[in-house]
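The values are calculated or read from the model by the stated rules, or taken from the named source; none is laboratory data. Owing to the predicted nature of the structure, the values given are computational and were not obtained by experimental measurement. Neighbour counts are summed over all protein chains in view; Cβ atoms, including those assigned to glycine, are modelled from backbone coordinates with ideal geometry. Quick note on the areas: whole protein, heavy atoms, side chains included, nothing else; ligands and nucleic acids left out. Shrake-Rupley method; radii C 1.70, N 1.55, O 1.52, S 1.80 Å.
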Amino acid sequence: FKEETVILAVLLFVMCHISITAGVHRLYAHRSYVAVKPLEFILLLLSAATFQYSTLVWVYLHRMHHWHSDTDKDPYSVRHGFWWAHFLWILRTPTAVDDHKLRDLQQNKLVTWQDRYYYPLALLIGLALPTTIASIWGDALGGLLVGGFLRLMIQYHSTWSINSVAHTFGFRRYCKNSTARLCPYLAISTVGENNHERHHLAHEDYRIGPRWYDLDIGKWFIELCACLGLAHSLRTVPENEVLVRAGKKETG
């Protein structure tokens, strides 16, 4: 395959991953900040290209994961096994959502539009777009196979690793009764989702890596959007509050 096609696949991988971490995850699942509608539109288009359910379904399952972490109600609990948390849960977990738990998103017309046309959008942006772009330099098949399917395969395993690897391997700095951990070696492949233990304690914080030098591409993207006037109302959780939630410090 042509070098340009590989570059295209890498760029699409990064853009789609940012749409998951900064869009579906931090913007919609946890309401960590507010985005202007044009930015929302772009994030929703790119997230459809990851073939990871519509935003409504993704958010519902992820909120269940946080509300019922490490219990039988957690849709991808690692306590059912590493491979269950990695991908086997997809084969058995129903995707029907409880609308009462998604009232905030049901009022967002862009989100409901993406949910309604999710499959056409996924095929168009995830497969047809890289095929069409690569055809410009005469490598349409490479665009489909590398920019489409190979990129998707790597993207799937990168996302799934947060549910499996980040709940099995790494460090626990705050509490020992949770399976969520800090996995430094996942920082690049997940564009900054690796500080998973703190995220479970401070899910509404737009920063997965709170320190300025933490490799968190999603955080830097949100901050860039805020500087450009595309995002505002960024939410943070002070470290003292995180320690209180972990039971390591008393309130007051």
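Odds and ends about this structure:
- Counting all C-alpha pairs of the chain, share separated by more than 33 Å (%): 17 percent
- Overall shape: oblate for the stretch 17-147, with the ratio a/c of the largest to smallest alpha carbon gyration tensor axis at 1.5 or above and b/c at least equal to a/b.
- Most mobile of Ala180, Ala128, Ala166 in a GNM of the chain (Cα contacts under 10 Å): Ala128
- With the cut-off at under 12 Å, measuring from each backbone N in the stretch 153-176 to a point 7 Å along the Cα-to-Cβ line of Tyr185 picks out 165-166, 169-171.
- On Cα atoms only, tilt of 3-18 relative to the major axis of the chain in degrees: 30 degrees
- Each Lys and Arg Cβ is given +1 and each Asp and Glu Cβ -1; about its Cα centre, the stretch 99-252 then shows a dipole of about 380 debye.
- Length-normalised contact order of the stretch 18-127 in % [C-alpha pairs under 8 Å, at least 6 apart]: 33 percent
- Value of [θ]222 nm, deg cm²/dmol, for the chain, DSSP H segments ≥ 4, -39500 (n - 2.57) each, nearest 500: -12000 deg cm²/dmol
- In the full protein context, the chain carries 49 Å² of accessible surface per residue, based on a 1.4 Å probe and ignoring ligands, DNA and RNA.
- Ranking by accessible area, most exposed first, for Lys37, Lys101, Lys109 with a 1.4 Å probe: Lys109, Lys37, Lys101
- Rounded to 10°, Cα long-axis angle of helix 55-67 versus longest principal axis of the chain: 20 degrees
- Protein heavy-atom surface of the stretch 3-61, 1.4 angstrom probe: 80% of the accessible area is carbon and sulfur, with nucleic acids and ligands not counted.
- Nearest-ten-degree value, helix 217-227 long axis tilted from longest Cα axis of the chain: 80 degrees
- When the charge dipole of the chain is built from unit charges on Cβ atoms (+1 for Lys and Arg, -1 for Asp and Glu) and taken about the Cα centre, the candidate among Gly218, Gly142, Leu43 whose Cα reaches farthest toward its positive end is Gly218.
- Sulfur and carbon atoms: percent of accessible area, the stretch 115-185 [1.4 Å]: 72 percent
- The orientation-averaged projection of the convex hull spanning the C-alpha atoms of the stretch 156-252 amounts to 6.9 square nanometres.
- Full-extension gain in nm, Trp67 to Arg79, via 0.36 nm per residue minus C-alpha separation: 2.8 nm
- Accessible area in the full protein assembly, largest first, 1.4 Å probe, for Leu102, Leu234: Leu234, Leu102
- Among the listed pairs Lys2/Lys219; Lys73/Lys101; Lys37/Lys109; Lys37/Lys73, those beyond 22 Å (Cα-Cα): Lys2/Lys219; Lys37/Lys73
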